[in-house]
Structures are given as structure tokens and as C-alpha cells.
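A short write-up of the structure that comes next.
The values are calculated or read from the model by the stated rules, or taken from the named source; none is laboratory data. The shown structure was predicted, so the numbers you read here are calculated from the model rather than taken from an experiment. So basically every Cβ, Gly included, is an ideal-geometry build from the backbone, and we count neighbours across all protein chains shown. Quick note on the areas: whole protein, heavy atoms, side chains included, nothing else; ligands and nucleic acids left out. Shrake-Rupley method; radii C 1.70, N 1.55, O 1.52, S 1.80 Å.
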Amino acid sequence: MTKSEALFQRAVQVMPGGVNSPVRAFGSIGGTPKFITRAEGAYLYDEDGNQYIDYIGSWGPMILGHANGEVLGAVAEACKRGLSFGAATAPEVEMAELVCSLIPSIDMVRMVNSGTEAVMSAIRLARGYTKRNKIIKFTGCYHGHSDGLLVKAGSGAMTSGIPDSLGVPVGCTQDTLSAEYNHLESVEGHFQRCGEEIAAVIVEPVAANMGVVPPKPGFLEGLRRICDTYGALLIFDEVITGFRLGIDGAQGYYGVRPDLTTFGKIIGGGMPVGAYGGKREIMELVAPAGGVYQAGTLSGNPVAMAAGIAMLTILKKHPEYYQELDKKAEGFYGKMQEILKKSGQPYQINHVGSLGCLYFTSTEVADYESAKTSDTKAFASYCRYMVSHGIYLAPSQFEAMFLSMAHTEELLEQTLRQMEQYFCA
């Protein structure tokens, strides 16, 4: 028995499913999770001493690779001063100023502790600002596990075949309307029926929790137009895309400005952190400035702020990193396509910048329904093989791959050789 297997046996006795987040479980591909002991650059190392080329990157934030020296140094210095104060600190101000300077749609920002908390707070704020109750979300888009958003969600809920959740009262979701991603007519239909009751539309500008589904041309622009017409707010959930597609996120990448934006661990260099921000007139409704209450003892934690400031400062100084990542991604996903064409395997590869996903289907994947045509058994076989040969992929058909600056051409070629061995040998 391996050390990971032994740890999993212990874990299932004291943790539901043996994990602290469903997306870490290997149930959908078979086997037990690898228990990671450390990471460096593009590599993960498990308890048994195995080395993996990592394509999860802590679900997105490791743009610079694991254990970046400047980020670790900033964290170490912050730790020497204390881990948490429950009081205002200078790094909170510096971090807020940095985010506001990088994202043109954000005049003010509030730090929180996770993407889930950021989204929950942004929706409360949208309701308080518009004095309306209903929101629109998109089938297959995941915005955290707050009650009102576990309606036809993506990510782990999609993987496990449970699109909703037990324990969520009907009353919590009665004001949540579901629309189809990349289908503006479904959004327009909701507004035509009850537009004066809709506070906001929340969307992943690139849907990255049903694999990777880019917005069709005009989709995001159409959401902006519809929200403006009916006086609703447009919320971009950039927990995954923020500072990954570019220094100004997906909103800069596509040239569409939302009213509110949510961020997650990516702004903390992988530390537990989140944030939401937007126009000054909206954000000034947040307590103590206004009547929309939201609080958190650990919000703006000085260690998390130090990590985030360090990472975002590096990315700000090196805009060429995004060009390099895009170039790597074009070559990598393009070569994946060549391998799959030779194999005769039905597939689709979607990618936007360094985000990508391989679907085992012959159907173009542009929304939740087409994503569900994927052969999850074929994916499970492929994923098991890749992990067993040192390539660490998310154990789910419906999660993204993440490239980082630490993924050298040599490592990408090594990954492609393993793919070719699996598909074409």
C-alpha cells in the first residue's frame, strides 16, 4: 500500500469522502487521491516521492509556478510580523490600490476570504443597490457553494452528477433564474418576463467550470447591453480568469466592463483570499459606508495581502509574461490537436490563453448541454494513464488545465509525448 493510499484510508474516517473539497476526489476516474507534500516550479511531489508535471496550479493562481521566490520571501517577512491582527493594516490599502489601478472597472474593492464569499457578497450588494431580488446565472457556471447559486452549477457538482445540493431550501433559490451560456435569447426571455425584478446577471466571462467554454462573439457585449437596458448590474466572476488572461482580466481581454467583479485565490498568490469590487457609487453601499452588511475577521489578512501584492507586482512589471503564456498555449494545444487527429479519437479542444480543456466528444462544446456529451469514461481512462505517468491533471472531465510560466517547452513536449503514447501507440 502506498503512503497516499494509507492516508486516504485514514482520511475517509474523519473527512467526508476523504477530502476537504470534492474536486480533489478521484472517484470520477477511479483510484485514490495523490497526497501532495510539496511543489516547486511546474512540479508537484506526493507523499510517495513521485514527481508530476502539474496542470492544476492550485486551480489557477500559480501563474508564476509554485513556490516563487519573491512571493515566498514576502510571505516569510509578513509572517515574522504576525499572522493575523483583526485590525486595519497598511498592506490592505496597498493591495486595494493595486487592484484598482489594474482593473479599469474597479474604483473600490473589499477583501474577503474566498471566491464563494466574494460572489455571495457581490450579489447581496447588487440586490441592495438595485432594490431588486432576482438574479440570472448560467447553467454549468460555478460561483461557489452559497445556497442561492447551487442551481445547475458546474465544477464538482457537474462531475458528481449532482447539479444541485441537498440542504438548500427552495426559498433560497426561488429568485435564481438559470439561462444558457452563449445563448442571449435565454437571457432576454427572462428580462422580458420579469426585467424589473432582476438585480443582476452573474457570469464567468470564460466558463471554466464545465471545462473551458469561451464566450461567442457578441455574447458578453450582449449581456452588457441587456443589463443597461433594464437597469440591472452585470457581475463578472473572475475567480479563474482574473489576472490570468491578462493583467486586467477577461474584461480587458474581451473589452467589456462589468459593474462588479469577483476574484478568488489568484489575487493572493494561492493564499486563501477573495475580493469584490466595482463602481464607487455601488461599493459605497457596503458597510460601514452604507447599509449592505458584510464582514470578516480574517478579511485582508496581512500574510495573504503580502503574497498577493508580490505576485501582482511581478505581473504588472512583466506584461510580456502573458504574451509568452499565450504563445506556449497556442503551441501546446495545437500539438494536442495534431495528436488527437492522428488517433481518430472523437475530441474537442477549447482554450483561451493559458486555460484549456480536452473534451472526449465530436460535438462542438459551446454550452452546458454540449459539454455533457463528453465521454467521461474515456476521459477517466486517459486521466488515470497521465497521472500514473507523471502528468497531474484535474480528476474531472469538466475542469480546466492551467499553464504557468514554469512550464518550459521541454516539459510541454514531455507531456505531449505521454499523450501520443496513450492515443497512438
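For this structure, a couple of remarks:
- Residue 65 vs. criteria within 20 Å of the chain's Cα centre (by Cα) and modelled with pLDDT under 95: no
- Taken as a whole, the structure leaves residue 339 outside the set of residues that are among the hydrophobic types (A, V, I, L, M, F, W, C) and surrounded by fewer than 18 Cβ atoms within 10 Å (Cβ to Cβ).
- The one condition in (1) of a type in the set (Gly, Ala, Ser); (2) outside any loop (DSSP other than H, G, I, E, B); (3) closer than 30 Å to residue 310 by Cβ that residue 246 fails to fulfil: (2)
- Listed by first and then second residue, the pairs linking a residue in the range 330-347 that is among the aromatic types (Phe, Trp, Tyr) to a residue that is part of a helix (DSSP H, G or I), with Cβ atoms under 7 Å apart and 6 or more places separating them unless they lie on different chains, are 332/412; 347/340.
- Evaluation of residue 38 against the conditions (1) part of a strand (DSSP E or B); (2) surrounded by 14 or more Cβ atoms within 10 Å (Cβ to Cβ) shows that the sole unmet condition is (2).
- Condition met for residue 74 (within 18 Å of residue 258 (Cβ to Cβ) and either assigned to a strand (DSSP E or B) or open to solvent by less than 40 Å² (accessible area, probe 1.4 Å) (or both)): no
- Check on residue 110, modelled with pLDDT of 95 or more and over 20 Å from the mean Cα position of the chain (by Cα): no
- Scanning the range 413-425 for residues that are surrounded by 19 or more Cβ atoms within 10 Å (Cβ to Cβ) and aliphatic (A, V, I, L, M) yields one hit, 419.
- Unique residue being open to solvent by less than 20 Å² (accessible area, probe 1.4 Å) and modelled with pLDDT of 95 or more when the list is 54, 48: 54
- Out of 362, 381, 396, sole residue that is surrounded by fewer than 18 Cβ atoms within 10 Å (Cβ to Cβ), within 19 Å of residue 24 (Cα to Cα), out of contact with any Cys (no Cβ under 7 Å at 6 or more places or on another chain) and of a type outside the set (Val, Ile, Thr): 381
- Qualifying residue in the range 346-358 (condition: surrounded by fewer than 16 Cβ atoms within 10 Å (Cβ to Cβ) and over 28 Å from residue 322 (Cβ atoms)): yes
- Test result for residue 324, out of contact with any strand residue (DSSP E or B) (no Cβ under 9 Å at 6 or more places or on another chain) and within 16 Å of residue 411 (Cβ to Cβ): yes
- Residue in the range 218-229 that is part of a loop (DSSP other than H, G, I, E, B) and either touching a Leu at 6+ places or on another chain (Cβ under 6 Å) or more than 23 Å from residue 294 (Cβ to Cβ) (or both) present: yes
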